[in-house]
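The values are calculated or read from the model by the stated rules, or taken from the named source; none is laboratory data. A quick note: this is a predicted structure, and the numbers were derived from the prediction, not measured. A quick note on method: Cβ atoms are made from the backbone with ideal geometry, for glycine too, and the neighbour counts reach across all protein chains shown. Note: accessible area is taken over every heavy atom of the protein model, side chains too, but ligands, DNA and RNA are not part of it. Shrake-Rupley method; radii C 1.70, N 1.55, O 1.52, S 1.80 Å.
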Amino acid sequence: MGHQGVGEIKHIVAVASGKGGVGKSTVSTNLAVATAQLGHRVGLLDADIYGPSQARLLGVEDGVMPDVIDEKIFVPIQAHGIYAMSMAFLTREKTPMVWRGPMASGALQQMIDSTQWGSLDVLFVDMPPGTGDIQLTLSQRTKLSGAVVVTTPQDIALIDARRAIEMFQKVSVPILGMVQNMASHICTNCGHEDPVFGHAGGESLADEYEATLLANIPLSRNIRETSDAGRPITVSESDGAVASLYRTAAASVVSALSRTEAPRTPTISMTD
Ligand code: ADP
């Protein structure tokens with residue numbers, strides 16, 4: 001069979017957050033690119049049904065469509081050294097997402113299976129934000145090796161992050177680590193780093209759940225501008241401090257994956 005589905009993917013890693021707007025998609029892109037920069041073959045699936053943004057983040061122009069084989073297998077789009085697939089490539093930005101139904105019923109696995117990824121070391125999945133039924137079902141019905149939880153230092157985001165960690169625990173998906181985003185502010189004028197919210201929140205949360213704090217990523221105008229321009233900071237400033245934080249985080253994820261038993265089978269659903 002020519003179909004190269006999930007069988008050749010060593011690890012599927014969910015990138016999740018308790019709520020929207022914490023930078024989950026930005027972190028997904030940069031973590032994926034950084035992992036590829038370490039020499040791994042990496043895929044990125046945008047499963048954020050509420051606001052698929054990977055097309056923009058990766059600089060894939062509006063209207064660029066993935067090739068389709070036999071009317072059913074998608075060929076991922078290559079950008080910045082990774083293989084990416086997003087419904088945003090199929091439906092233009094602002095088009096209603098016709099696949100919300102299938103997604104809600106846990107069809108993420110189906111999307112993974114109907115994409116010709118080739119052999120991948122890691123497939124990162126940019127999950128929909130939140131910890132509701134959709135996220136739970138997706139986590140349950142996909143063969144996840146682990147999850148990375150993205151948070152910001154603010155209390156409310158931490159409460160939500162806690163829910164995200166507990167959701168993965170409920171379905172026995174190992175937490176590979178946490179990324180604390182917008183952890184400090186870097187002044188555009190003088191480069192001074194100011195820990196506006198302090199670093200303590202993410203660190204204590206990580207401690208509490210015995211999770212690794214993979215990185216503290218600063219709030220920086222460059223991160224937003226490079227993302228908006230479709231050239232993630234790991235690409236546009238690949239020798240910079242932030243890119244190096246991401247590569248350290250990526251190395252830590254890869255090493256955590258090597259310690260997990262290769263792909264889990266989905267957990268039996270907890271129906272009542
Ligand atoms: P989410 O996927 O959690 O909804 P996004 O990745 O879309 O969040 O990020 C939300 C907004 O914040 C975007 O405009 C993005 O460019 C910006 N952003 C994300 N991380 C940072 C950061 N570390 N510094 C500055 N802006 C950021």
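At-a-glance table
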{"item": "Cα gyration tensor shape of segment 11-76, rounded if a/c is under 1.5, else prolate or oblate by comparing a/b with b/c", "result": "oblate"}
{"item": "Convex hull volume per residue for segment 104-249, taking Cα atoms only, in Å³", "result": "131"}
{"item": "Lysines whose Cα lies under 16 Å from that of Lys10, excluding same-chain neighbours fewer than 8 positions away", "result": "Lys143"}
{"item": "Pairwise Cα inverse-distance average, inverted: Kirkwood Rh of segment 107-164 (Å)", "result": "13.0"}
{"item": "Compactness index (Cα Rg / 2.2 N^0.38 Å), segment 163-268", "result": "1.24"}
{"item": "Long-range amide H partners of Thr260 with built H, under 5 Å", "result": "none"}
{"item": "GNM flexibility winner over the chain from Ser145, Ser53, Ser244 (Cα, springs under 10 Å)", "result": "Ser244"}
{"item": "Virtual spin-label span in nm between Asp239 and Lys72, 7 Å along Cα→Cβ", "result": "5.0"}
{"item": "Whole-number accessible area per residue in Å² for the chain, which is evaluated in the context of all protein chains at 1.4 Å", "result": "44"}
{"item": "Centre separation in Å (Cα based) which lies between segment 179-201 and segment 205-253", "result": "12"}
{"item": "Isotropic mean projected area of the C-alpha convex hull, the chain (nm²)", "result": "14.2"}
{"item": "Label-to-label distance, nm, for residues given as Gln169 and His185 (7 Å Cα→Cβ offset)", "result": "3.4"}
{"item": "Residue-wise HN-Hα coupling along segment 244-255, computed from phi with Karplus coefficients 6.51, -1.76, 1.60 (Hz; x: Gly, Pro)", "result": "5, 4, 5, 5, 5, 4, 4, 4, 5, 5, 4, 6"}
